[in-house]
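Participant: Before we start, here is the structure in question, set down as structure tokens.
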Amino acid sequence: MPTPHERLLDEYADSLRTAKDAAEEWWEALLASETSRTRDREQAVGNVQERWPYGPAAHPRVLAVIRKYYFACQALNDRLAETKNPAEEYPHVFVTDMLMEDGTDDLGAFVYRLPGLPIGIDSDGDPV
């Protein structure tokens, strides 16, 4: 029987795969448009990468999914802490390293294109 974190990870992987697919379609459309404008694929890639240095992984939809499941993992940790069977996964590990498994390693590599997680810290030191 899967653990609560494993169930959440499956949901995250499904959501991230959907966002990744959409972001890659968007990226290809950007490249096609820029290639049409410059008439040079290599130049087009350079131009698009200059504007979006982290590629499709930086698409707002992808970032939203990462944020959603970062905070969902933290909420799950908080709920489980109140039970007789507490279990915890660090949210930053959950949204990155836990994807580096067979079947989701492509998602892990995709997320690792980002220079960091789209999570900030407020004045109290809490993630926002």
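The values are calculated or read from the model by the stated rules, or taken from the named source; none is laboratory data. Since this is a predicted model, take the numbers as computed values, not measurements. Note: ideal-geometry Cβ built from the backbone for every residue, glycine included; neighbour counts use all protein chains shown.
Participant: Looking at the structure I just gave you, is Gly116 within 16 Å of the chain's Cα centre (by Cα), without any contact (Cβ under 8 Å) to a residue 24 or more places away in the chain and loosely packed, with under 12 Cβ neighbours inside 10 Å?
Facilitator: Criteria met by Gly116.
Participant: A follow-up question, please. Confirm whether Val111 is surrounded by 14 or more Cβ atoms within 10 Å (Cβ to Cβ), touching a Ser or Thr at 6+ places or on another chain (Cβ under 7 Å), closer than 19 Å to Gly55 by Cβ and not acidic (Asp, Glu).
Facilitator: Yes.
Participant: Another question, then. Condition (residue is in contact with a strand residue (DSSP E or B) (Cβ under 7 Å, 6 or more places away or on another chain) and closer than 20 Å to Ala13 by Cβ) applied to segment 115-127: is it met by at least one residue?
Facilitator: yes
Participant: Then there is this: Could you grab me the full set of residues in segment 27-37 that are surrounded by 15 or more Cβ atoms within 10 Å (Cβ to Cβ) and either touching an Asp or Glu at 6+ places or on another chain (Cβ under 6 Å) or not acidic (Asp, Glu) (or both)?
Facilitator: Within segment 27-37, Trp27, Leu30, Leu31, Thr35 meet the criteria.
Participant: For segment 18-65, enumerate the residues that are farther than 24 Å from Gly116 by Cα, acidic (Asp, Glu) and assigned to a helix (DSSP H, G or I).
Facilitator: Glu34, Glu42, listed by residue number.
Participant: Still on this model: Which one of Ala32, Ala57 is among the aliphatic types (A, V, I, L, M), within 18 Å of the chain's Cα centre (by Cα) and modelled with pLDDT of 95 or more? Show your work before the answer.
Facilitator: Details: Ala32 fails: within 18 Å of the chain's Cα centre (by Cα).
Only one candidate passes the filter, namely Ala57.
Participant: So, one more: Name every residue in segment 91-102 that is buried (at least 17 other Cβ atoms within 10 Å of the Cβ) and assigned to a helix (DSSP H, G or I), in order of residue number.
Facilitator: Hits for segment 91-102 are Pro91, Phe94, Met98, Leu99.
Participant: In addition: Among what's in segment 68-90 and is more than 20 Å from the chain's Cα centre (by Cα) and of a type in the set (S, T, N, Q), pick the residue that is surrounded by the fewest Cβ atoms within 10 Å (Cβ to Cβ).
Facilitator: By that ranking, first place goes to Asn85.
Participant: Oh, and also: Out of the residues in segment 5-25 that are surrounded by fewer than 16 Cβ atoms within 10 Å (Cβ to Cβ) and either of a type outside the set (D, E, K, R) or in contact (Cβ under 8 Å) with a residue 24 or more places away in the chain (or both), state the one that is nearest to Phe94 (Cα to Cα).
Facilitator: The first filter runs over segment 5-25 and keeps only residues surrounded by fewer than 16 Cβ atoms within 10 Å (Cβ to Cβ), leaving 6-7, 10-11, 14, 17-18, 21-22, 25.
Keeping just the survivors that are either of a type outside the set (D, E, K, R) or in contact (Cβ under 8 Å) with a residue 24 or more places away in the chain (or both) gives 11, 17-18, 22.
On the way: Glu11: 12, Arg17: 15, Thr18: 18, Ala22: 22 Å.
It comes out as Glu11.
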